[in-house]
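Here's the structure we're looking at; comments come further down.
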Amino acid sequence: MAKPKSIDEYIAGLDGWQSEAVSRVRDIVDASAPDSASAIKWSQPVFEQNGPFCYIRAFKNHVNFGFWRGADLPDPEGLLRGDGEKMRHIRLSSANEIAPDPFAALVKSAVALNGEKGDPT
């Protein structure tokens, strides 16, 4: 399959629950960060406002919803995984694991951090 040129193409290239999950997470990001831009970068959907703040990436058996400044985000639900210096992600194994309100809160916090600190790259 050719590399997708848009997020719609990326989603169309996924099967089953992954297509639904990426689409639903994208909708949450779009609603929570309406002034953000999105594009395919680094072979995945990336969302930017004052630099990249989150991404969605489908793997063989899961989907990651990740944040550039994830280590600095408030995470009262304990959703974020990872132990790197900056990045964290949520690992989804089904579309049923999507939590709209906590996901939206993480997106809003990530955008606010980029507003305060600038581009994380």
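Surface analysis of the chain yields an accessible area of 54 Å² per residue, using protein heavy atoms and a 1.4 Å probe.
Taken over the chain, lysine pairs spaced eight or more positions apart, or on distinct chains, with alpha carbons under 23 Å apart number 11. Mind running the shape call on region 1-59? Use the C-alpha gyration tensor, a ≥ b ≥ c as the square roots of the eigenvalues: rounded below 1.5 for a/c, prolate if a/b tops b/c, oblate otherwise. Judged from the Cα gyration tensor, region 1-59 comes out oblate (a/c at least 1.5, b/c at or above a/b). When the trypsin sites (Lys or Arg not before Pro) in region 19-121 are filtered for DSSP coil states and for at most 15 other beta-carbon atoms within 10 Å of their beta-carbon, the remaining sites are Lys60, Lys86. Comparing the chain with the 2.2 N^0.38 Å rule of thumb, its C-alpha radius of gyration ratio is 0.98 (two decimals).
Compared with the dominant principal axis of the Cα atoms in the chain, helix 16-32 is inclined by about 30°. For a modelled paramagnetic label at Lys60, 7 Å from Cα along Cα-to-Cβ, the residues of region 4-35 in reach, with backbone nitrogen under 19 Å, are 14-19. Solvent-accessible area assigned to carbon and sulfur over the chain amounts to 45 percent, based on a 1.4 Å probe. Taking every protein chain into account, the 1.4 Å probe leaves Leu79 with about 50 Å² of accessible area, to the nearest ten. When the chain is treated as a GNM with alpha-carbon contacts under 10 Å, the residue of Glu48, Glu20, Glu85 showing the greatest mean-square fluctuation is Glu85. Under the criterion of Cα pairs below 8 Å and six or more residues apart, the relative contact order for the chain equals 26 percent. Applying 0.36 nm per residue to the separation of Ala37 and Lys86 and subtracting their alpha-carbon distance, the gain on full extension is 15.5 nm. A probe of 1.4 angstrom, applied to the heavy atoms of all protein chains, finds Ser109 with accessible area near 30 square angstrom. Across region 22-90, the convex hull enclosing all Cα atoms gives 108 Å³ per residue. For the chain, take the longest principal axis of its alpha carbons; what is the angle in degrees between that and the long axis of helix 100-117, to the nearest 10 within 0 to 90? Tilt of helix 100-117: around 50 degrees. Our note on the geometry: Cα centres of region 97-115 and region 65-87, 11 Å apart.
The values are calculated or read from the model by the stated rules, or taken from the named source; none is laboratory data. Here the structure is a predicted model, which means the values were calculated and not measured. Neighbour counts run over all protein chains shown; Cβ positions are idealised from the backbone, glycine included. For accessibility, only protein heavy atoms count, side chains too; no ligands or nucleic acids. Shrake-Rupley method; radii C 1.70, N 1.55, O 1.52, S 1.80 Å.
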